[in-house]
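> One structure coming up, written as structure tokens, with questions to follow.
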Amino acid sequence: MATSYDVIVIGGGPAGYHAAIRAAQLGLNTAIIEKWLNEAGEPAYGGTCLNVGCIPSKALLEASHKFVEARDHFDEIGIKIGSIKADVPAMIRKKEEVVGNLTKGVAGLLKSNGVTTYEGKARLGAGREVTFTAHDGKIEDLTAEHVIIATGSVPVEIPPCPLTDDLIVDSTGALAFTSVPQKLGVIGAGIIGLELGSVWSRLGSEVVLLEALEDFLPPADQQIAKEAAKQFKKQGMDVRLGARVTGTEIKGKKVTVSYTDAEGEKTEVFDKIIVAVGRRPYTEELLSGDSGVTLDERGFIYVNDYCLTDAPGVYAVGDVVRGPMLAHKGMEEGVMVAERIAGHQPVVNYDLVPSVIYTHPEIAWVGQTEQALKSAGEKYEVGSFPMAASGRAMASNDTAGLFKVIADSETDRVLGIHIIGAHASEIIAEAVIAMEFGASAEDLGLTMFAHPTLSEGLHEAALSVSGHAIHVANRKKKK
Ligand code: FAD
Ligand code: AMP
């Protein structure tokens, strides 16, 4: 007889483990099935995010940023350190230690919350029957009142760039280089391409990013994207827009990349290539023909606003469903679904999902961009404030970037907040909170911010919507 649960979660990434822990907290008899095996062949929780995504990339971004600070900027603030060297294998070991601690931490959280764990593959059949295949091949039949699918996503592979063991790699391979490639090509200048390109550029690679689109960072506010392009160029990253990669050829230890741009066909030789052209939803071997779960035309599991699939009692959350492929979006969906199963009525506010690019300067935004509002014909006011006018930024020797607040012309309600600058990933939380509470630019302007902080730049940008900023010459007439 099948073992029965109130809730079975398939996939133990951020979306899945949040769903499982919340469901267990709410008193539901919950199991989670996760098939990930780490490099050492051990089962690991945390999915893409903890194993090969958010966390390891941030560990390397942080280490490489500190290296550049020490190498290029310490003497500007009066610290003399002589010559320094990046120990890449040690950086990778540290990254792996962080990943190991966190993935074990998630296993511990699942256990302490009373979630039953199954390590191996799940397949969903009709009527919420789940076939579990353990890593040793043993098969077990499980069943549940509710199933939550959280099987995530995997990197997109494109025919011109077939992956190899060590020359043409995806984001996972790029997080494990043990030496610095002399010349590195990155295909795709999206968030992942820019972050990984930054890591290796800081450590000494000559980095060229080939991006098929003509626009740089189309989802970001274009004023911010322009500033980002300027900063990346200053750092030595060569971002080529309108450059579509059409082929790769390996000769010895080098890769020749062919691409087309406005001038025609070109080739360039690299020591390594990172393919960062996006991610696709992962549902391989997951659904039997009669599961009742359907996919949309792009391969995402089809769900409604509350993450319910077409099959009764089956939900799907995270990267495997529509919406931005971001860990925090999946986490909130996981919690929402667990709570709805327990009879509560939460919703996810998809209008206020913050986006962050952890380059330096960091780029973060929430809400609408100026270009989107303009093309929708909305009337809005913009306030902005340069990092260079922030006392704290000057004291930190880190003045690149700006704050931008966009508010409705009539109601003054904040419609979008865009930041490029140090610690933008932290400051954006203030913007999300303000917008969740329906703040006006005036509300933000009337709020007291500690001095001296970078956050004061957000305060000043909000004040500047009505021409009241203190530390810049206001272009607008004061009302
Ligand atoms: P995943 O994390 O992909 O987890 C899905 C899990 O399901 C996996 O562990 C998989 O093994 C398991 N699974 C799949 N099928 C089965 C099955 N049949 N049976 C059992 N288990 C199964 N997002 C951010 O928000 N911030 C960042 O800074 C960020 N940085 C990133 C950097 C990189 C290099 C990459 C690649 C991604 C990054 N992301 C970031 C994206 C983030 O990792 C994903 O949005 C997030 O992991 C999605 O969570 P998820 O739970 O939906 O899926
Ligand atoms: P993202 O979806 O944010 O991860 O970004 C992936 C980027 O890769 C997108 O901006 C795509 O335009 C880009 N891209 C996809 N295919 C190619 C290609 N063949 N050559 C260059 N860039 C590409």
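The values are calculated or read from the model by the stated rules, or taken from the named source; none is laboratory data. It should be emphasised that the depicted structure is a prediction, and the values quoted were computed from it without experimental measurement. Every residue, glycine among them, receives a Cβ derived from its backbone with ideal geometry; neighbour counts consider all protein chains shown.
> In the range 366-380, is there at least one residue being buried (at least 22 other Cβ atoms within 10 Å of the Cβ) and charged (D, E, K, R)?
Looking for residues that are buried (at least 22 other Cβ atoms within 10 Å of the Cβ) and charged (D, E, K, R), one finds none in the range 366-380, hence no.
> Okay, next question. Condition (residue is closer than 30 Å to Glu227 by Cα and assigned to a loop (DSSP other than H, G, I, E, B)) applied to the range 299-320: is it met by at least one residue? Spell out the reasoning first.
Residues of the range 299-320 closer than 30 Å to Glu227 by Cα: 319.
Still in the running and assigned to a loop (DSSP other than H, G, I, E, B): none.
There is no residue in the range 299-320 that is closer than 30 Å to Glu227 by Cα and assigned to a loop (DSSP other than H, G, I, E, B).
> Out of everything in the range 293-320 that is closer than 20 Å to Ala126 by Cα and among the hydroxyl-bearing types (Ser, Thr, Tyr), what residue ends up being nearest to ligand 2 (Cβ to nearest atom)?
Result: Tyr302.
> Here is a further query. Confirm whether Ala407 is crowded, with 19+ Cβ neighbours inside 10 Å, of a type in the set (A, V, I, L, M) and touching a helix residue (DSSP H, G or I) at 6+ places or on another chain (Cβ under 8 Å). Walk me through how you get there before you give the answer.
Numbers: crowded, with 19+ Cβ neighbours inside 10 Å: yes; of a type in the set (A, V, I, L, M): yes; touching a helix residue (DSSP H, G or I) at 6+ places or on another chain (Cβ under 8 Å): yes.
Yes; evaluated as a whole, the condition is true for this residue.
> Could you grab me the full set of residues in the range 80-92 that are over 13 Å from Ser57 (Cα atoms) and of a type outside the set (Val, Ile, Thr)? Spell out how you get there, then give the answer.
Taking the range 80-92 and keeping what is over 13 Å from Ser57 (Cα atoms), we get 80-90.
Correct list: Lys80, Gly82, Ser83, Lys85, Ala86, Asp87, Pro89, Ala90.
> Out of (1) over 30 Å from Asp6 (Cβ atoms); (2) of a type in the set (Gly, Ala, Ser); (3) touching a strand residue (DSSP E or B) at 6+ places or on another chain (Cβ under 6 Å), the odd one out for Ala31 is which?
Unmet for Ala31, out of (1) over 30 Å from Asp6 (Cβ atoms); (2) of a type in the set (Gly, Ala, Ser); (3) touching a strand residue (DSSP E or B) at 6+ places or on another chain (Cβ under 6 Å): (1).
> Name the residues in the range 273-292 that are crowded, with 21+ Cβ neighbours inside 10 Å and away from ligand 2 (no atom under 16 Å from the Cβ), would you?
Leu287, Ser291
> Any chance you could count how many residues in the range 188-211 are touching a Ser or Thr at 6+ places or on another chain (Cβ under 9 Å) and either among the polar types (S, T, N, Q) or within 11 Å of ligand 2 (Cβ to nearest atom) (or both)?
Within the range 188-211, the first condition is being touching a Ser or Thr at 6+ places or on another chain (Cβ under 9 Å), and the residues that meet it are 191-203, 207.
Checking which are either among the polar types (S, T, N, Q) or within 11 Å of ligand 2 (Cβ to nearest atom) (or both) leaves us with 191-196, 198, 201.
Looking only at that region, the number is 8.
> A further question follows. Could we say that His18 is surrounded by fewer than 24 Cβ atoms within 10 Å (Cβ to Cβ), within 16 Å of ligand 1 (Cβ to nearest atom) and within 25 Å of the chain's Cα centre (by Cα) here?
Details: surrounded by fewer than 24 Cβ atoms within 10 Å (Cβ to Cβ): no; within 16 Å of ligand 1 (Cβ to nearest atom): yes; within 25 Å of the chain's Cα centre (by Cα): yes.
Spelling it out, it is not the case that His18 is surrounded by fewer than 24 Cβ atoms within 10 Å (Cβ to Cβ), within 16 Å of ligand 1 (Cβ to nearest atom) and within 25 Å of the chain's Cα centre (by Cα).
> Restricting the first residue to the range 318-341 and requiring it to be within 21 Å of Arg298 (Cβ to Cβ), which pairs with a second residue that is aromatic (Phe, Trp, Tyr) and within 12 Å of ligand 1 (Cβ to nearest atom) meet a Cβ separation below 7 Å and a spacing of at least six or different chains?
Val320/Tyr282; Val320/Phe300; Val321/Phe300; Arg322/Phe300
> I'd like the full set of residues that are more than 21 Å from the chain's Cα centre (by Cα) and within 16 Å of Thr248 (Cβ to Cβ), limited to the range 202-220.
Val208
> If a residue has to be touching a residue at least 12 places away in the same chain (Cβ under 8 Å) and farther than 17 Å from Leu210 by Cβ to count, how many in the range 229-245 make the cut? Before the answer, list the steps.
Looking only at the range 229-245, we keep the residues that are touching a residue at least 12 places away in the same chain (Cβ under 8 Å), and these are 229, 231-232, 235-245.
The next check asks that each one be farther than 17 Å from Leu210 by Cβ; those that pass are 231, 235.
Here the count works out to 2.
> Here is a check on your reading of the model: is Thr411 free of Cβ contacts under 8 Å to residues at least 24 places away in the same chain, polar (S, T, N, Q) and either assigned to a helix (DSSP H, G or I) or not assigned by TED's automatic domain parsing to the domain that holds Val317 (or both)?
Values: free of Cβ contacts under 8 Å to residues at least 24 places away in the same chain: no; polar (S, T, N, Q): yes; either assigned to a helix (DSSP H, G or I) or not assigned by TED's automatic domain parsing to the domain that holds Val317 (or both): yes.
Judged against the criteria, Thr411 is not a match.
> Could you look through the range 178-201, keep only residues that are more than 13 Å from ligand 1 (Cβ to nearest atom) and among the aliphatic types (A, V, I, L, M), and pick out the one that is farthest from the chain's Cα centre (by Cα)?
Among those that are more than 13 Å from ligand 1 (Cβ to nearest atom) and among the aliphatic types (A, V, I, L, M), it is Val180.
> Residues Gly82, Gly120, Gly78: which one is assigned by TED's automatic domain parsing to the domain that holds Asp290 and within 30 Å of Thr143 (Cβ to Cβ)? Write out each step before concluding.
Working: Gly82 fails: within 30 Å of Thr143 (Cβ to Cβ); Gly78 fails: within 30 Å of Thr143 (Cβ to Cβ).
Exactly one of Gly82, Gly120, Gly78 is assigned by TED's automatic domain parsing to the domain that holds Asp290 and within 30 Å of Thr143 (Cβ to Cβ), namely Gly120.
> What number goes with the only condition from (1) within 30 Å of Gly190 (Cβ to Cβ); (2) among the charged types (D, E, K, R); (3) touching a Leu at 6+ places or on another chain (Cβ under 8 Å) that Arg392 does not pass?
(1)
> Please count how many residues of the range 29-50 are away from ligand 2 (no atom under 16 Å from the Cβ), under 24 Å from Tyr315 (Cα atoms) and not in a strand (DSSP E or B).
The total comes to 8.
> Assess whether Arg280 counts as being part of a strand (DSSP E or B) and either at pLDDT below 95 or within 30 Å of Ile148 (Cα to Cα) (or both). If you could, list the steps in order and put the result at the bottom.
Numbers: part of a strand (DSSP E or B): yes; either at pLDDT below 95 or within 30 Å of Ile148 (Cα to Cα) (or both): yes.
In short, yes.
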